[in-house]
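Shown next, in structure tokens, is the structure this report addresses.
Derivation of every value follows stated rules applied to the coordinates shown; laboratory data play no part. Bear in mind that the values here come from a model prediction, so they are computed numbers and not experimental data. Because the Cβ atoms are built from the backbone with ideal geometry, glycine has one as well, and the counts that use them run over all protein chains shown.
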Ligand code: IPE
Ligand code: IPE
Ligand code: MG
Ligand code: MG
Ligand code: MG
């Protein structure tokens, strides 16, 4: 299967499943509307795509990972809603439309994020595609990588690093936790569902970390030179907030070199993981060239 058909297929299936998940909630209609507003606005669904591609590359049916993929995307979307709040990055556009708090107000945006975060764990806990053992494994991965030791911790480091100089090592810690952790988590959950060996899980985790770093470096580059009509968010946000990014520390050329270096490391780990087909390799290439 080719990435050019696999990616849109995952995007469509995940979109439909997410819509179904929210519509089945017995909750205040305005809350459901605010959740749907960001969730169904059309992100790239890159984490679900990695999760599904990992399962497929291990020779299993990616459809057993649908609920897990939706759970990861719900956590990711909550992180974006909160990331855009005035108390954090204070951004007005996301996924090609006004940010959640610009549309629904800060209180509803906070609560829509809370609800997406909480319900993600329901979706995994009740996932009938997976054995109880796999469900618990996935729940542990998601709570570890998305929480204080993972993405939330990274967001804290990102905020504490504003308006002061971080060392390159400190910047790596920000990027690893705020972004690479959730990507690594998606790949690890896919690896568990695809019955990866211990050695494969280890190499796929390294792959996830390297691809995640590359992903955030490209995000930094796009914040500098990206086109809002493609990225769906306004460029220059990092500069305005005096964030530490690979571009602020190393310049555009330096950031591009690091992007390349981490995709090379990602490819090496992927080769050692010894999975079949080209899906994950092609996703790695997509990282370098993406403009949205
Ligand atoms: C943006 O994530 C925030 C980062 C962690 C880099 P994406 O670039 O995956 O955003 P969507 O999901 O496509 O909107
Ligand atoms: C966000 O990093 C990482 C998250 C956990 C949401 P950024 O703040 O750079 O993401 P964008 O550029 O707003 O999408
Ligand atoms: Mg941020
Ligand atoms: Mg931001
Ligand atoms: Mg950014």
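Under the rule a/c < 1.5 gives rounded, and otherwise a/b versus b/c splits prolate from oblate, where does region 105-168 land using the Cα gyration tensor? It comes out oblate by the Cα gyration axes. Neighbour counting of Cβ atoms within 10 Å sorts the residues 79, 143, fewest neighbours leading, into 143, 79.
Mind running the shape call on region 72-193? Use the C-alpha gyration tensor, a ≥ b ≥ c as the square roots of the eigenvalues: rounded below 1.5 for a/c, prolate if a/b tops b/c, oblate otherwise. Oblate, since a/c reaches 1.5 and b/c is not below a/b.
Ordering 39, 18 from the fewest to the most neighbouring beta carbons within 10 Å gives 18, 39. Between residue 149 and residue 16, the modelled labels are 3.7 nm apart [label points 7 Å from Cα along Cα→Cβ]. Ratio of Rg to Rh for region 208-292: 1.03 [Cα atoms; Kirkwood radius as inverse mean 1/r over pairs]. From its DSSP helices (H runs of at least four residues, each -39,500 (n - 2.57)), the chain gives a residue-normalised ellipticity at 222 nm of -23000 deg cm²/dmol. Dividing the mean sequence gap of close Cα pairs (under 8 Å, 6+ apart) by how many residues region 1-56 holds gives a relative contact order of 47 percent.
Taking 0.36 nm per residue of separation and subtracting the Cα-Cα distance, what length does fully extending residue 125 through residue 26 add?
Working it through step by step, the gained length comes to 33.9 nm.
Take every Cα pair under 8 Å whose residues are at least 6 apart in sequence, average their separation, divide by the length of region 10-116, and the relative contact order is 30 percent. What shape does the chain take by its C-alpha gyration tensor, where a ≥ b ≥ c are the square roots of the eigenvalues and a/c under 1.5 counts as rounded, a/b above b/c as prolate, and the rest as oblate? The shape class here is oblate. Take every Cα pair under 8 Å whose residues are at least 6 apart in sequence, average their separation, divide by the length of region 207-292, and the relative contact order is 43 percent.
Take 126, 267, 47 and order them by how many other Cβ atoms sit within 10 Å, fewest up front. Present the calculation step by step, with values, prior to reporting the outcome.
Details: 126 10, 267 17, 47 25.
Result, fewest neighbours first: 126, 267, 47.
Can you give the FRET efficiency for residue 168 and residue 225, using 1/(1 + (r/R0)^6), R0 = 30 Å, r = Cβ-Cβ distance, to the nearest 0.05? Between residue 168 and residue 225 the formula returns 0.90.
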